[in-house]
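A quick write-up on the structure given underneath.
The values are calculated or read from the model by the stated rules, or taken from the named source; none is laboratory data. The model shown is predicted, which means the values in this text are computed figures rather than measured ones. Here the Cβ positions follow ideal geometry from the backbone for every residue, glycine too, while neighbour counts run over all protein chains shown. The protein model used for the area step is the full one, side chains on, heavy atoms only, and it has no ligands, DNA or RNA in it. Shrake-Rupley method; radii C 1.70, N 1.55, O 1.52, S 1.80 Å.
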Amino acid sequence: MRPIVWVPLIVFAALAAALAVGLSLKPRDIPSALIDQPVPSFDLPPLWDKGTGLSNTDLASGDVVLVNVFASWCAPCRIEHPFLMDLAREGLTIFGLNYKDDPEDALAFLGELGNPYKQIGADRDGRVGIDFGVYGVPESYVISGDGRILYKQIGPVLPQNRAELRAVIEKASAQ
Amino acid sequence: MIPEIGHFALILALLLGVIAATVPLYGAARTNGRLIALSGPLMLGQFLFVAIAFAALMHAYLISDFSVLNVAENSHSLKPVLYKISGVWGNHEGSLVLWVLILTLFGSLVALFGRALPPSFRARVLAVQAMIAVAFLLFMLFTSNPFERLLPAPLEGRGLNPLLQDPGLAFHPPLLYLGYVGLSVAFSFAVAALIEGRLGPVWARWVRPWVLLAWMALSAGIALGSWWAYYELGWGGWWFWDPVENASFMPWLAATALLHSAIVMEKRDALKRWTVLLAILSFSMSLLGTFLVRSGVLTSVHAFAVDPERGVFILILLGVSIGGSLALYAWRAQALEPGGLFAPISREGALVLNNVLLSIAAAVVFVGTLYPLFLDTLTGAKVSVGPPFFEISFVPLMSLLLVALGFGPLLAWKRGNLSRAAKLLWPAITTAFIAVLLAWIIWGAGPVMAFAGFGLAGWLLGAIAVDMAQKAQIGRTPFAKALRRLFGLPRGVWGMWLAHLGLGFLVFGITASESWTVEKLVLLAPGDTVAVGAYDMTFQGVEPVAGPNYTAVRGQFSVQKNGAFLTDLYPEQRSFSSPPMETTEAAIYPLIGGDLYAVVGDPDGDGRWSARLYFKPLISWIWLGVCLMVLGGAFSLSDRRLRVGAPKRKAKSLPQKPLMDPAE
């Protein structure tokens, strides 16, 4: 019997245990520094000539609203879009932040899939996105009536997020 | 339609794999020849179906079929064809298809060219190979389906990260995978040998060509990646000790150790348990690298899209494959007969020292890479381990390795004579001294470690020359005869010299470029001149240029040396629109003595531009060194001894004993 041949297995077992714990830690859960902070001030031009742009004062509307960062080149945006249309039909006010996009492409995107947005700001060079701390497209922010960021969702908003989203919005509306 | 064919082909490959992983194994246990004979055709069938899937995915990329989610997220219709092709493996799902394609390709090569192997052993090797394929196919089909549809299809794709749109990087992943996955053959050989419970010198000879092949691909892949980092990332670095770089470096160190210990096992029937363990560990390191890159446990610039479900799956995969093989090892390895004995001072002893040092180096990289994770697990603190840790640990280890490398080939098997070797090595001491002197004449002052690096590299070059002279018996036989003898030596010996020479060049390149780089960070108006080392660089201004899928600002620098015009450098700052991103294209003018390296930055608003200008002495010797190492591997691989079917031919010509022991 040579106990030494067991050493590699034991070392590996310890390693695997550590990796399993490591998996549950999610180093990518980056907390947004902007939660509970007022939205950064900005004033973006509209996507088309006669449209309305978007500024931070529009967001402090007295109602809880959703700001959705989208782009025509972003595939997950296409996946979340039908759900945004549903939310808009249900009466939620959604503002669009069109991120680093060509206006014509963005209009074609909305023409094809429908427009859930009350107003859209065209962030062509992505500067407002930086102020918001946009990590990837799509992202969505729940904004309180007095213009504070309450909640941030990285990645597409999908029907399975409905309950969580609903809870955040109802809690904010009750205040 | 075609994507569905690809998806279906993957499912068929999985079913074939399940049969291939079980039936021939049962056949080998029962010595049922018909079941054993199934293993080859089953492996070829798996390869065929994975190749169909790969071709289907490639087709979707080439015609820009954006109804396939993977294509829509990673390709763009305006992308040059080369990057549509490389886009296939530039993402998680597609790279897995390539991974399994290479895995089944290696399996098929064993099936086709492993005719010299005993049929039952070959069946077991292929069954283990099929098990790995099954695990990865399950992973792919359940968590990372490359053929998932996106309906309605978008009009345009998201585009490949512009940083990755580069010819060097187009071939970096396939080469790296050839290396990673090639080590699976060594793993399968090890597991099959443990199942059979028989292990001897002939096993080492069978496994060595596969390890060599994988090692060459891994070396080339790592070098290509570092070369890309050097000219594309635009700050002149080429190695960052990033977790993913480390993930490729650990299997490389383990495979290098394995190459050397397999020699001892082949020649002397010693180090059996250790060699088999290394074969298992080399591939385990590859799998671990895959886990680190794709699970998101460590953050890195290389990280693919992260999904915790995938992480759990890979962890289970790791647990079964590595844990299973190590348990088998613990169970069976103790029954292995100890082999030939040897004195500490001997060729075997030197190769053991090589293995100890390389293993410590691999352990250092391992600890440095995973320490942040362990600390996070235990205390919740988030830290990162930087280059200083690795440099402090690597410099002494590699210095010791280089000193020992001079002695190793001059020691006899079983019992060597250290003082005789030391006496023979006086020319190497001379070359070491010359190298230090040359560095002092060229650069004057410098860190002590830099001169030490030059001395060690000079020592290595001298020691190789001494070894060549010894093996050719120069000075003891007439010169013409010695020369004939030199060129008549086995290619494996030449392979060793070339690879060790490459290491010497690598050390020269790393030492000089780390210690004596001239760096200038400047703001320049057109017409301004900056002296960078011995070169005068004059900024001529910038102009806009348009590429196929980007626009760029191109700067022009005229380089003069001693008043004579040398060349113009044209660094670029490129802006891509899909996805929106800026990249820097460094302009590099390689000279034997070093690289001129220029990067143009942003304008300051007053008509001046920021620029970074470097002279990096001997840096291209790094890649030259790796080229020599790979060439050495190729020489070794073409050695008769290792060629396919060689054992048989060798058996016939056995009475003709070689004049001397072919050393590696």
For the protein assembly as shown, accessible area per residue (1.4 Å probe, heavy atoms of protein chains only), Å²
42 Å²
Set of aspartates and glutamates with alpha-carbon distance to A:K171 below 18 Å, sequence-local pairs under 8 removed
A:D36, A:D63, A:E90, A:D146
Which one, B:A262, B:A482, B:L498, projects farthest toward the positive side of the charge dipole computed for chain B from Cβ point charges (K/R +1, D/E -1)?
B:A482
Under a point spin-label approximation (7 Å from Cα along Cα-to-Cβ), what is the B:F240-B:L438 distance to one decimal in nm?
3.3 nm
Heavy atoms only, probe 1.4 angstrom, no DNA, RNA or ligands counted: give me B:F66, B:F479 ranked by accessible area, highest first.
B:F479, B:F66
I need the phi-derived Karplus couplings for segment A:77-91: 6.51 cos²θ - 1.76 cosθ + 1.60, θ = phi - 60°, integer Hz, Gly and Pro marked x.
4, 5, 6, 7, 4, x, 6, 4, 4, 4, 4, 5, 5, 6, x
Kindly point out which whole DSSP H helices in chain B project their C-alpha atoms 27 angstrom or further along the helix axis while averaging a Kyte-Doolittle hydropathy of -0.5 or above.
B:2-29, B:39-62, B:92-113, B:119-143, B:172-196, B:201-232, B:243-268, B:272-295, B:347-379, B:387-407, B:448-472, B:491-515
Please list B:T529, B:T517 from largest to smallest accessible area, probe radius 1.4 Å, with all protein chains kept in place.
B:T529, B:T517
Determine the shielding of peptide B:271-279 by partner chains: average, over its residues, the number of Cβ atoms on other chains within 10 angstrom of each Cβ.
1
If I take every Cα pair under 8 Å that is 6 or more residues apart in segment B:1-165, average their sequence separation and divide by the length, what percent do I get for the relative contact order?
36 percent
In Å², nearest 100, what accessible area do chains B and A bury in total when the solvent probe is 1.4 Å?
3100 Å²
Can you give the relative contact order of chain A as a percent, counting alpha carbon pairs under 8 Å and 6+ residues apart?
27 percent
Assigning unit charges at the beta carbon (Lys, Arg +1; Asp, Glu -1) and nothing else, what dipole magnitude in debye, to the nearest 20, does the protein assembly as shown show about its Cα centre?
5900 debye
Positive-end residue of B:F136, B:G94, B:G6, charge dipole of segment B:1-165 with Cβ unit charges:
B:F136
Suppose a student asked you for the relative contact order of chain B, using Cα pairs under 8 Å spaced at least 6 residues apart; what percent would you report?
12 percent
Just how large is the dipole of chain A about the Cα centre, in debye to the nearest 20, putting +1 at every Lys and Arg Cβ and -1 at every Asp and Glu Cβ?
800 debye
List the residues of segment A:80-110 for which accessible area in the full set of protein chains is at least 30 Å² lower than for the chain on its own; 1.4 Å probe, protein heavy atoms only.
A:K100
Span from the segment B:59-99 Cα centroid across to the segment B:384-447 one, whole angstrom
47 Å
Gyration tensor (alpha-carbon) shape descriptor, the protein assembly as shown, a/c threshold 1.5
oblate
About the Cα centre, charge dipole magnitude for segment B:518-618 (Lys/Arg +1, Asp/Glu -1 at Cβ), debye
220 debye
Non-local residues with an amide H under 5 Å from the amide H of A:G126, with H modelled 1.01 Å from N and Pro and chain starts lacking one, are A:K100
For a 30 Å ceiling on Cα separation, which of these pairs sit above it: A:K100/A:K152; A:K100/B:K79; B:K423/B:K481; A:K50/B:K79; B:K79/B:K616; A:K100/B:K616?
A:K50/B:K79; B:K79/B:K616; A:K100/B:K616
Pairwise label distance in nanometres, A:I79 with B:A634, each label 7 Å out on the Cα-Cβ vector:
4.4 nm
Which ³J(HN,Hα) values in Hz, rounded to whole numbers, follow from the phi angles of segment A:108-123 under the Karplus curve 6.51 cos²θ - 1.76 cosθ + 1.60, where θ = phi - 60° and Gly and Pro get x?
4, 4, 6, x, 7, 10, x, 10, x, 8, 6, 9, 10, x, 9, 9
Please check segment A:1-17 for residues whose accessible area, probe 1.4 Å, is lower by 30 Å² or more when all protein chains are in place than in their chain alone.
A:R2, A:V5, A:W6, A:P8, A:L9, A:F12, A:L15
Compute, for B:I11, the solvent-accessible surface of its heavy atoms (probe 1.4 Å) with the complete set of protein chains present, and express it in square angstrom to the nearest 10.
60 Å²
Using a probe of 1.4 angstrom, how much of the accessible area of the protein assembly as shown is carbon and sulfur, in percent?
66 percent
